[in-house]
Amino acid sequence: MPLHSGARAGEAHAAREYNPGSESENNPPDMPDSVVIAGAGQAAAQAIISLRQGGFGDDIVLVGDEPWLPYQRPPLSKKFLAGEIGTERLYLRPAQYYADHRVDLRLGERIEAIDPAARSVRVGGRTLAYGRLILATGSQVRRVNIPGAELPFVHYLRSIDDVRGIQSGFTPGARLVVVGGGYIGLEVAAVAVSAGLDVTVVEIAERVMARVVAPPVSRFYEEAHRAAGVKIRLGCGVNAIRRTAHGAEVVCSSGPPLPADLVVVGVGILPVTALAEAAGLQCANGIVVDEHCRTSDPHIYAAGDCTNHPNSLLGRRLRLESVHNATEQGKTAAMAILGKAEPYAQIPWFWSDQYDLKLQMTGLSDDYTAMTIRGTPESRSFAAFYFSGDRLIAVHAINMAREFMLSKKLIADGARLSRDAVADTGRPFKEIADAAFER
């Protein structure tokens, strides 16, 4: 069950409210050491866990605009959409955890503004002081600006309530049009066609998952979806969604309109930065933070999808949309607040489940100069290895868990590998990896 607006855990330890007009702007005399967290996702939950495990004994307040306990988002487009797991299985910790660890949960509420000078936030018209503030505001869906986009059968997928809206139209034979052939769109398509829906994916690029994977991987997934019964239109935009005498249809930039009973749009996400921007924090494709998740204000931290952060292993700044990044940045922010700062510098990794195919990705492949396939797509177990020169920079493994796990360390070590060795499936990959580590 959701915890609705006003629900609390650890009520006796709620953070102190104060009147900022009675205090010095630079150093309020009774400023609490409390931590206030904006957002209730993976980064927020991990920050709470790490703070309490690290011995933080002062107040923690979590403010989240959804009525739900902090929950995992990846299963939303997979097992939760398929009805294989319930809401409680999404929760990162049960309600009792927050009560036991004296966390003041303010769910179904929103931080309306931040006053960095007074070190306070406004919630529900009240002023709440903080010693440290963590912005874990995450990301929001990118919306399409076309006629008909606001019709009631047009859905996005980012929250529990979004999935429930989609499920209301999940009936065998229903015509589903998925706009966008990225991870979310293809995961929805896989669940829907398996549930007996008539599914068409419309993708404006010339191949699916074009932004992140090499052409051989795109071709493999396109073929896998077509074999499952999904129809795919590539190089095709969507101009409008409109009602007809027989229901509705999606008007495309090429080809005839697609009849639809249900439309799911998955065209990317954007960092939620409005609160930070209004507070005067530095933002550029996310909230700009240092290697300890500190923003341009020393009392404010940020973690998760909303951050633009440096990665010393990759030598550049990144904004990542992943559970791993959110979890690790939640830990990093907590450690910095505890006075045990450790720089966040890890190789990114991601995953996507579609049918019986587990795609596990590590590193970033956007500037690769060469690519080698290990295994064969026909076997439904293979991996694409991306190189810059002879240095391994990314791996996309399909049903090849060993290659994925070893590659994370190879990429972090800046390993140099022979492409011929990688392609040789007659040699165990561990042997190839061990040889690279010994160089």
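Of the residues in region 91-98, at least one is in contact with a Leu (Cβ under 9 Å, 6 or more places away or on another chain), at pLDDT 95 or above and crowded, with 21+ Cβ neighbours inside 10 Å. What about V230, is it crowded, with 20+ Cβ neighbours inside 10 Å and in contact with a Leu (Cβ under 8 Å, 6 or more places away or on another chain)? Answer is no for this residue.
For every residue, the table says whether it meets (1) surrounded by fewer than 24 Cβ atoms within 10 Å (Cβ to Cβ); (2) acidic (D, E).
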| position | (1), (2) |
| --- | --- |
| D65 | yes, yes |
| P74 | yes, no |
| A82 | yes, no |
| R106 | no, no |
| G131 | yes, no |
| I134 | no, no |
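Taking residues in region 80-101 that are in contact (Cβ under 8 Å) with a residue 24 or more places away in the chain, and partners anywhere that are surrounded by 12 or more Cβ atoms within 10 Å (Cβ to Cβ) and outside any loop (DSSP other than H, G, I, E, B), the pairs with Cβ atoms closer than 6 Å and at least 6 places apart or on different chains are F80/V163; L81/V163; L81/V191; A82/V191; L90/Y71; L92/A45; Y98/L105; H101/R52.
Within region 273-290, none of the residues are part of a strand (DSSP E or B), of a type outside the set (S, T, N, Q), touching a Leu at 6+ places or on another chain (Cβ under 8 Å) and exposed (fewer than 14 other Cβ atoms within 10 Å of the Cβ). Where strands (runs of 3 or more DSSP E) fall entirely within region 320-439, those with at least 3 residues that are of a type in the set (A, V, I, L, M) are at 357-363, 370-376, 391-398. For region 112-129, does any single residue satisfy the condition of being within 23 Å of the chain's Cα centre (by Cα), in the same structural domain as P298 (by TED's automatic domain parsing), buried (at least 18 other Cβ atoms within 10 Å of the Cβ) and in contact (Cβ under 8 Å) with a residue 12 or more places away in the chain? No; the residues of region 112-129 include none that is within 23 Å of the chain's Cα centre (by Cα), in the same structural domain as P298 (by TED's automatic domain parsing), buried (at least 18 other Cβ atoms within 10 Å of the Cβ) and in contact (Cβ under 8 Å) with a residue 12 or more places away in the chain.
Scanning region 122-143 turns up at least one residue that is out of contact with any His (no Cβ under 6 Å at 6 or more places or on another chain), in a loop (DSSP other than H, G, I, E, B) and at pLDDT below 95. Within region 343-358, is there a residue that is surrounded by 22 or more Cβ atoms within 10 Å (Cβ to Cβ) and among the β-branched types (V, I, T)? Taking every residue of region 343-358 in turn, none turns out to be surrounded by 22 or more Cβ atoms within 10 Å (Cβ to Cβ) and among the β-branched types (V, I, T).
From the list G255, G235, the one residue that fits, being under 27 Å from the mean Cα position of the chain (by Cα) and either farther than 30 Å from I398 by Cβ or surrounded by fewer than 14 Cβ atoms within 10 Å (Cβ to Cβ) (or both), is G235.
All of F385, F429, F437 fail the test of being at pLDDT 95 or above, touching a helix residue (DSSP H, G or I) at 6+ places or on another chain (Cβ under 9 Å) and more than 27 Å from I184 (Cα to Cα), apart from F429. Whenever a residue of region 162-180 is at pLDDT 95 or above and buried (at least 18 other Cβ atoms within 10 Å of the Cβ), its partners that are assigned to a helix (DSSP H, G or I) and not hydrophobic (A, V, I, L, M, F, W, C), lying with C-beta atoms within less than 8 angstrom and at least six residues away or across chains, give the pairs V163/S77; V178/G185; V179/G185.
A single entry from I398, I373 fulfils the requirement of being touching a residue at least 12 places away in the same chain (Cβ under 8 Å) and either buried (at least 21 other Cβ atoms within 10 Å of the Cβ) or of a type in the set (K, R) (or both): I398.
Of the helices (runs of 4 or more DSSP H) lying entirely inside region 147-258, those carrying at least 3 residues that are more than 19 Å from G83 (Cα to Cα) are 215-228.
The values are calculated or read from the model by the stated rules, or taken from the named source; none is laboratory data. What you are looking at is a predicted structure, and each value in this text was computed from that prediction instead of being measured. Here Cβ is always computed from backbone atoms with ideal geometry, including for glycine, and neighbour counts include all displayed protein chains.
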